[in-house]
1. So A:LYS61 passes all but one of these: (1) basic (Lys, Arg); (2) more than 13 Å from chain B (Cβ to nearest Cβ); (3) part of a loop (DSSP other than H, G, I, E, B). Which condition number does it fail?
2. Is one or more of the residues making up the stretch A:13-21 closer than 17 Å to A:TRP62 by Cα, open to solvent by 30 Å² or more (accessible area, probe 1.4 Å) and touching a residue at least 60 places away in the same chain (Cβ under 8 Å)?
3. When you scan the stretch B:65-78, do you find a residue that is of a type in the set (Asp, Glu), surrounded by fewer than 18 Cβ atoms within 10 Å (Cβ to Cβ) and not assigned by TED's automatic domain parsing to the domain that holds B:ASN24, even just one?
4. Take the stretch A:67-91 and flag every residue that is surrounded by fewer than 18 Cβ atoms within 10 Å (Cβ to Cβ), closer than 19 Å to A:PHE3 by Cβ and not hydrophobic (A, V, I, L, M, F, W, C).
5. Check off (1) away from chain B (no Cβ under 14 Å); (2) touching a Gly at 6+ places or on another chain (Cβ under 9 Å) for A:LYS77 and give me the number that stays unchecked.
6. Of (1) within 13 Å of chain A (Cβ to nearest Cβ); (2) in contact (Cβ under 8 Å) with a residue 24 or more places away in the chain, B:PRO100 satisfies all except one. Which?
7. Filter the stretch A:3-50 for residues that are out of contact with any strand residue (DSSP E or B) (no Cβ under 7 Å at 6 or more places or on another chain), away from chain B (no Cβ under 14 Å) and not acidic (Asp, Glu) and give the result.
Amino acid sequence: MKFEHVDGQDRGKIVLYALSTCVWCKRTKQFLGNLGVGFDYVFVDLLQGAEKESAMAELDKWNPRRSFPTLVINGEKCIIGFKEDEIKEALR
Amino acid sequence: MSGDAEKLFSKLDADARKSGYFLNPDSAFTMELVEGLLANEKRYGHQACPCRLADGNRLEDLDIICPCDYRDADLDDFGACYCALYVSKEIAEGKAKAEPLPDRRPVGRNERPQFREKKPGRTDSELSHPVWRCRVCGYLAARDEPPGICPICKATKDRFDRFM
């Protein structure tokens with residue numbers, strides 16, 4: 001699956017599942033950028049076929065509602081939606 | 001910002017005002033959503049919610065074509081729809097802020113409004129016409145067929161159920 005990487009401070013593996021048209025997703029991405037942490041993101045709506053299915057299957061493990069944005073931190077914490085305070089707290 | 005987006009924004013804003021709805025007053029945020037609607041129209045052929053993953057098939061997406069079937073309930077409960085294109089009067093006037101909210105769209109396909117089995121609440125043979133209900137805004141029309149476009153929320157004919 002093709003993730004884009006944004007460089008920044010290493011706070012572990014931070015993965016953002018997002019939609020290219022979703023404004024809350026954009027805000028989340030900007031917020032992570034402003035925090036200065038490194039992260040990977042993928043716009044699931046821009047994937048096709050098997051890649052899309054595999055992204056959705058992975059997302060499903062964390063968020064069975066499969067909603068966006070979904071942020072997975074270090075393979076242990078999942079934050080659904082643009083929740084600034086929760087994200088900040090989790091990445092302290 | 002494209003001219004198409006400006007045009008769609010003006011239309012949505014005018015329609016909203018006429019029918020007692022309000023667009024998000026954060027114009028940068030709203031314009032991004034409008035661009036999202038146009039992007040979805042271009043790739044799917046319909047204006048699916050920018051903040052939900054659309055299928056691309058119109059019937060599959062019918063409940064999330066903007067305005068979605070969940071807008072009014074979310075406005076009542078949270079003061080904004082899921083993507084926050086539409087907001088309450090309070091938020092429109094700047095007295096409160098739109099916050100992200102959970103998606104109430106059923107995960108199971110067959111629980112979605114367009115696939116749920118429907119029976120009219122009551123069928124009264126005394127009625128001179130059947131009554132049709134808009135799933136988006138609840139508008140009722142007593143006529144042989146549902147209207148082509150809902151006069152209140154502009155939803156299309158395929159988003160009406162037989163009500164009586």
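The values are calculated or read from the model by the stated rules, or taken from the named source; none is laboratory data. Computed from a prediction, not measured in an experiment: that's the story for all the values here. Don't worry about glycine lacking a Cβ; one is built from the backbone with ideal geometry, like all the others, and counts go over all protein chains shown. Keep in mind that these areas ignore ligands, DNA and RNA; they rest on the heavy atoms of the full protein, side chains included. Shrake-Rupley method; radii C 1.70, N 1.55, O 1.52, S 1.80 Å.
1. That leaves (3) as the condition not met.
2. Scanning the stretch A:13-21 turns up at least one residue that is closer than 17 Å to A:TRP62 by Cα, open to solvent by 30 Å² or more (accessible area, probe 1.4 Å) and touching a residue at least 60 places away in the same chain (Cβ under 8 Å).
3. no
4. A:ASN74, A:GLY75, A:GLU76, A:LYS77
5. Against the list (1) away from chain B (no Cβ under 14 Å); (2) touching a Gly at 6+ places or on another chain (Cβ under 9 Å), A:LYS77 comes up short only on (2).
6. B:PRO100 satisfies all of (1) within 13 Å of chain A (Cβ to nearest Cβ); (2) in contact (Cβ under 8 Å) with a residue 24 or more places away in the chain except (2).
7. Hits for the stretch A:3-50 are A:LYS13, A:ASN34, A:LEU35, A:ALA50.
Residue by residue, here is whether (1) closer than 30 Å to B:GLU111 by Cα; (2) in contact (Cβ under 8 Å) with a residue 40 or more places away in the chain holds:
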{"residue": "B:PHE9", "(1), (2)": "no, no"}
{"residue": "B:ALA14", "(1), (2)": "no, no"}
{"residue": "B:TYR21", "(1), (2)": "yes, yes"}
{"residue": "B:PRO25", "(1), (2)": "no, yes"}
{"residue": "B:ALA28", "(1), (2)": "no, no"}
{"residue": "B:LEU53", "(1), (2)": "yes, no"}
{"residue": "B:GLU60", "(1), (2)": "yes, yes"}
{"residue": "B:ASP74", "(1), (2)": "yes, no"}
